[in-house]
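These notes concern the structure reproduced below.
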Amino acid sequence: MALLPILQYPDPRLHKVALPVGVVNDEIRALIRDMAETMYTAPGVGLAATQVDVHKRLIIVDTSESHDQLQVFINPEIVESSGVADCEEGCLSVPGIFEKVRRAERITVRALDEVGASFELSASGLLSVCIQHEMDHLLGKVFVEYLSRLKQQRILAKFKKQQRRVM
Ligand code: NI
(Lines give C-alpha, C1' and ligand atoms only; values in the text may rest on other atoms or scores of the structure.)
Protein backbone atom coordinates (compact mmCIF):
# COMPACT_ATOMS: atom_id res chain seq x y z
CA MET A 1 0.00 0.00 0.00
CA ALA A 2 1.05 3.55 -0.52
CA LEU A 3 0.02 6.99 0.57
CA LEU A 4 -1.00 9.09 -2.42
CA PRO A 5 -0.52 12.86 -2.66
CA ILE A 6 -3.85 14.70 -2.48
CA LEU A 7 -4.29 17.53 -4.98
CA GLN A 8 -4.81 20.85 -3.22
CA TYR A 9 -7.27 23.52 -4.35
CA PRO A 10 -6.94 25.47 -6.66
CA ASP A 11 -4.98 22.82 -8.61
CA PRO A 12 -6.53 22.78 -12.12
CA ARG A 13 -6.39 18.95 -12.18
CA LEU A 14 -9.26 19.01 -9.62
CA HIS A 15 -11.45 20.25 -12.49
CA LYS A 16 -10.84 17.28 -14.79
CA VAL A 17 -13.88 15.13 -15.57
CA ALA A 18 -13.36 11.45 -14.66
CA LEU A 19 -14.01 8.66 -17.15
CA PRO A 20 -15.96 5.48 -16.32
CA VAL A 21 -14.01 2.45 -15.09
CA GLY A 22 -14.08 -0.17 -17.88
CA VAL A 23 -13.09 -3.29 -15.96
CA VAL A 24 -12.86 -3.71 -12.18
CA ASN A 25 -9.50 -5.46 -12.05
CA ASP A 26 -6.52 -5.83 -9.69
CA GLU A 27 -5.19 -2.44 -10.77
CA ILE A 28 -8.43 -0.79 -9.62
CA ARG A 29 -8.40 -2.79 -6.38
CA ALA A 30 -4.80 -1.68 -5.70
CA LEU A 31 -5.89 1.92 -6.29
CA ILE A 32 -8.79 1.43 -3.84
CA ARG A 33 -6.36 0.14 -1.17
CA ASP A 34 -4.03 3.09 -1.68
CA MET A 35 -6.92 5.56 -1.63
CA ALA A 36 -8.27 3.98 1.58
CA GLU A 37 -4.90 4.25 3.30
CA THR A 38 -4.63 7.87 2.12
CA MET A 39 -8.15 8.73 3.34
CA TYR A 40 -7.76 7.08 6.77
CA THR A 41 -4.33 8.68 7.30
CA ALA A 42 -5.47 12.20 6.33
CA PRO A 43 -7.97 11.59 8.10
CA GLY A 44 -11.13 12.06 6.08
CA VAL A 45 -14.53 10.41 5.57
CA GLY A 46 -14.43 10.34 1.78
CA LEU A 47 -12.05 10.51 -1.16
CA ALA A 48 -12.54 10.64 -4.92
CA ALA A 49 -9.96 9.27 -7.38
CA THR A 50 -9.84 12.77 -8.91
CA GLN A 51 -8.24 14.04 -5.69
CA VAL A 52 -5.28 11.69 -6.15
CA ASP A 53 -4.99 12.68 -9.82
CA VAL A 54 -6.57 9.50 -11.19
CA HIS A 55 -9.44 10.55 -13.43
CA LYS A 56 -11.64 7.47 -13.16
CA ARG A 57 -15.17 7.28 -11.73
CA LEU A 58 -14.31 5.85 -8.33
CA ILE A 59 -15.03 7.14 -4.84
CA ILE A 60 -14.58 5.71 -1.36
CA VAL A 61 -16.46 6.67 1.80
CA ASP A 62 -16.34 5.70 5.47
CA THR A 63 -18.61 7.73 7.74
CA SER A 64 -18.52 5.17 10.59
CA GLU A 65 -17.30 6.14 14.07
CA SER A 66 -15.01 3.11 14.08
CA HIS A 67 -13.39 3.91 10.69
CA ASP A 68 -13.65 0.29 9.57
CA GLN A 69 -16.69 0.40 7.26
CA LEU A 70 -15.16 1.26 3.91
CA GLN A 71 -17.69 1.72 1.12
CA VAL A 72 -16.53 1.64 -2.50
CA PHE A 73 -18.53 3.14 -5.38
CA ILE A 74 -17.28 2.51 -8.91
CA ASN A 75 -19.10 4.30 -11.77
CA PRO A 76 -21.65 5.72 -9.28
CA GLU A 77 -24.92 7.17 -10.55
CA ILE A 78 -27.62 8.83 -8.46
CA VAL A 79 -30.88 7.18 -9.54
CA GLU A 80 -33.18 8.94 -7.06
CA SER A 81 -32.95 11.96 -4.81
CA SER A 82 -35.34 13.86 -2.56
CA GLY A 83 -35.50 16.56 0.06
CA VAL A 84 -33.09 19.35 0.86
CA ALA A 85 -30.38 19.42 3.50
CA ASP A 86 -27.88 22.11 4.47
CA CYS A 87 -24.79 20.53 5.93
CA GLU A 88 -21.36 21.87 6.81
CA GLU A 89 -18.73 20.29 4.59
CA GLY A 90 -14.98 20.14 4.45
CA CYS A 91 -12.64 18.62 1.87
CA LEU A 92 -9.17 17.07 1.99
CA SER A 93 -8.34 19.16 -1.08
CA VAL A 94 -9.37 22.40 0.67
CA PRO A 95 -7.97 21.96 4.20
CA GLY A 96 -9.26 24.21 6.98
CA ILE A 97 -12.36 25.41 5.10
CA PHE A 98 -15.79 24.37 6.43
CA GLU A 99 -18.90 25.80 4.83
CA LYS A 100 -22.58 24.91 4.55
CA VAL A 101 -23.70 23.47 1.22
CA ARG A 102 -27.28 22.70 0.13
CA ARG A 103 -27.79 19.20 -1.25
CA ALA A 104 -30.43 16.50 -1.58
CA GLU A 105 -31.35 15.01 1.80
CA ARG A 106 -31.83 11.44 0.58
CA ILE A 107 -30.31 9.71 -2.41
CA THR A 108 -30.26 6.28 -3.98
CA VAL A 109 -26.98 5.53 -5.70
CA ARG A 110 -26.23 2.69 -8.09
CA ALA A 111 -22.61 1.59 -8.48
CA LEU A 112 -20.22 -1.33 -8.82
CA ASP A 113 -18.36 -2.68 -5.80
CA GLU A 114 -14.69 -3.73 -5.67
CA VAL A 115 -15.43 -7.06 -7.35
CA GLY A 116 -17.46 -5.45 -10.12
CA ALA A 117 -20.90 -6.40 -8.80
CA SER A 118 -23.72 -3.87 -9.22
CA PHE A 119 -25.54 -2.65 -6.10
CA GLU A 120 -27.94 0.07 -5.02
CA LEU A 121 -27.77 1.95 -1.75
CA SER A 122 -30.16 4.46 -0.22
CA ALA A 123 -28.53 7.00 2.04
CA SER A 124 -29.45 9.99 4.17
CA GLY A 125 -27.59 12.22 6.60
CA LEU A 126 -23.80 12.39 6.50
CA LEU A 127 -23.46 9.39 4.17
CA SER A 128 -25.75 11.02 1.59
CA VAL A 129 -23.86 14.33 1.79
CA CYS A 130 -20.52 12.59 1.55
CA ILE A 131 -21.47 10.53 -1.53
CA GLN A 132 -22.78 13.66 -3.29
CA HIS A 133 -19.63 15.62 -2.36
CA GLU A 134 -17.32 12.88 -3.67
CA MET A 135 -19.36 12.40 -6.85
CA ASP A 136 -18.98 16.12 -7.56
CA HIS A 137 -15.20 15.63 -7.58
CA LEU A 138 -15.64 13.14 -10.45
CA LEU A 139 -17.28 15.95 -12.45
CA GLY A 140 -14.41 18.29 -11.64
CA LYS A 141 -16.40 20.21 -9.05
CA VAL A 142 -15.04 21.27 -5.65
CA PHE A 143 -17.56 22.12 -2.90
CA VAL A 144 -16.37 25.72 -2.54
CA GLU A 145 -17.83 26.36 -6.01
CA TYR A 146 -21.29 26.28 -4.39
CA LEU A 147 -20.37 29.30 -2.23
CA SER A 148 -20.87 32.98 -3.04
CA ARG A 149 -18.36 34.63 -5.37
CA LEU A 150 -17.04 36.70 -2.45
CA LYS A 151 -16.41 33.63 -0.28
CA GLN A 152 -14.74 31.84 -3.19
CA GLN A 153 -12.44 34.82 -3.78
CA ARG A 154 -11.45 34.86 -0.09
CA ILE A 155 -10.71 31.13 -0.09
CA LEU A 156 -8.75 31.41 -3.33
CA ALA A 157 -6.68 34.29 -1.93
CA LYS A 158 -5.95 32.28 1.22
CA PHE A 159 -4.74 29.24 -0.73
CA LYS A 160 -2.65 31.26 -3.16
CA LYS A 161 -0.94 32.91 -0.18
CA GLN A 162 -0.24 29.49 1.36
CA GLN A 163 1.26 28.27 -1.92
CA ARG A 164 3.65 31.22 -1.95
CA ARG A 165 4.82 30.34 1.55
CA VAL A 166 5.73 26.73 0.81
CA MET A 167 7.31 27.26 -2.61
NI1 NI B 1 -13.67 16.73 -1.23
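The values are calculated or read from the model by the stated rules, or taken from the named source; none is laboratory data. Predicted model only: the values in this text are computed from it and were never measured. A quick note on method: Cβ atoms are made from the backbone with ideal geometry, for glycine too, and the neighbour counts reach across all protein chains shown.
Kindly indicate whether any position in segment 43-65 is crowded, with 20+ Cβ neighbours inside 10 Å, within 16 Å of the ligand (Cβ to nearest atom), modelled with pLDDT of 95 or more and polar (S, T, N, Q). Yes, that holds for at least one residue. The number of residues in segment 1-54 that are farther than 21 Å from Val115 by Cβ, in contact (Cβ under 8 Å) with a residue 40 or more places away in the chain and part of a loop (DSSP other than H, G, I, E, B) comes to 14. Being out of contact with any strand residue (DSSP E or B) (no Cβ under 6 Å at 6 or more places or on another chain), acidic (Asp, Glu) and surrounded by fewer than 20 Cβ atoms within 10 Å (Cβ to Cβ): is that true of Glu145 here? Yes.
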